[in-house]
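Throughout, read-outs are computed from the coordinates displayed, never taken from laboratory work. These numbers were taken from a predicted model, which means no experiment stands behind them. A quick note on method: Cβ atoms are made from the backbone with ideal geometry, for glycine too, and the neighbour counts reach across all protein chains shown.
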Amino acid sequence: MSKVHGKTGRIARRTLGTCAGAAVLIASLAACGGGGQPQAEADGTITVKYGITSQSVTSLPTIIGEAKGFFADEGIKLESVVTGQSGKVCQQLIAGALDLGECSTNDVACTVAAGGPIKVRFFTSASVLPNKVYAKEGITSWADLKGKNIMVASQQDNTFYFTRLMAEQGGLNFPDDVTVAYAGSSTDRFAALSSGTVDATILTTPFDFQAEKAGFSELDDLVEHLPADKYFGSGVATTDDYAARNPETLKKVFAAEQKALDYMLDPANKADVIATIKDVGKLDPAIAVELAEYIYARLISSGYYLSGGAADPAGIQGVIDSTVALGFVDEGAITPEDIYDTSIVLQ
């Protein structure tokens, strides 16, 4: 039996709010949804309500695209809406509160399986977002964590799947051999590790860097377990209705994102991209340069970001498999083609 928040009991995997929401929530949101024409200003500029989870380096192509004027060049004005969670981007797309948004592929998969009419229209990353597991000093292996506590985002989050994958390959039966605690963001999980509240946790960039600098033990690196052909990245999603009504707007947003990605991925622009990372991340001046270099290496020169927008069906199937393994989606319920459609932008 697993122990959740110190209590012994079986983890319930099917709960309201799993991934992007249960079918009843999808139905109610769809009833509110719009999908009309985008707003156009007098000069022809089109305003797009664009959802992101946070104003951080994970939205770097969009941030650079705005800073460099690539969206303006395409006649697009982004009205960015910070939702805090990828699943909420999916929800707000269906409700019509957003036009386009950065919704993770696993959340799109869960949303589609629950009846949500959305798809990823183009991809901006080729692999899973880099995550590492860090533990208190003296814990140097997964086996050392038996009987201790590990923190992930939630029972319904892909960090649960990622942690289980790494732990089992390291010889630990997760979650049965540990106590599982929860905090939705890497910020909160790093704080819990730093305060000694938990023995180990999964962290994404840049909090993995901070954990390393603070002297915590690195137990595992997710990118070593999930290459792109086993778990593909994420991109920009919208509803079927919005895509059908606004193909030209979608093409313009795609073009701007591609200009940003090509700019980011050109080594000649490294210094400027690092300067942008420092500015966006509001980094501690004492470590700003070193941390920005680390973020650049983890997210840009590592091959995480993708130019071209195309999907890898095998990697998308890997994402679907993760939702099946967690009990969110029934095996065979959806295929890769159900959760992405790049035909409009990749004609």
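Scanning the chain for DSSP H helices at least 15 Å long along the axis (C-alpha atoms) with a Kyte-Doolittle mean no lower than -1.0 picks out 158-169, 247-265, 270-281, 288-299, 313-325. Among the GluC sites (Glu not before Pro) found in the stretch 40-148, those both in a DSSP coil and sparsely packed, with 12 or fewer other Cβ atoms within 10 Å of their Cβ, are E41, E137. For L219, the residues whose modelled amide H falls within less than 5 Å of its own, excluding neighbours fewer than 5 places apart on the same chain, are V133, Y134, A135.
Can you classify the stretch 123-251 as rounded, prolate or oblate using the Cα gyration tensor, where a ≥ b ≥ c are the square roots of its eigenvalues, rounded means a/c under 1.5, and otherwise it's prolate if a/b beats b/c and oblate if not?
It comes out prolate by the Cα gyration axes.
Is the shape of the chain best called rounded, prolate or oblate, per the rule: a/c under 1.5 gives rounded, else a/b larger than b/c gives prolate, else oblate, with a ≥ b ≥ c the square roots of the Cα gyration tensor eigenvalues? It is oblate, given that a/c is not under 1.5 and a/b is not larger than b/c.
Under the rule a/c < 1.5 gives rounded, and otherwise a/b versus b/c splits prolate from oblate, where does the stretch 173-309 land using the Cα gyration tensor? Please list the in-between numbers first.
Numbers: a/c = 2.19, a/b = 1.43, b/c = 1.53.
Since a/c reaches 1.5 but b/c is at least a/b, the shape of the stretch 173-309 is classed as oblate.
Computed per residue of the chain from DSSP H runs no shorter than four, each worth -39500 (n - 2.57), the mean residue ellipticity at 222 nm is -11500 deg cm²/dmol. The trypsin sites (Lys or Arg not before Pro) of the stretch 253-347 meeting both criteria, a DSSP state outside H, G, I, E and B (loop) and at most 15 other C-beta atoms within 10 angstrom of the site's C-beta, are K282.
Backbone amide hydrogens, once placed in the peptide plane, bring Y340 within less than 5 Å of V120, excluding anything fewer than 5 places away on its chain. With the cut-off at under 11 Å, measuring from each backbone N in the stretch 97-135 to a point 7 Å along the Cα-to-Cβ line of E248 picks out no residue. Between A314 and A286, the distance separating the two model label sites (each 7 Å from Cα on the Cα→Cβ line) works out to 4.6 nm. In this structure, the amide hydrogen of I76, modeled 1.01 Å from its nitrogen in the peptide plane, lies closer than 5 angstrom to those of I46, counting only residues at least 5 positions away or on a different chain. Compared with the direct C-alpha span, the chain from T335 to D221 gains 38.2 nm at full extension, assuming 0.36 nm per residue.
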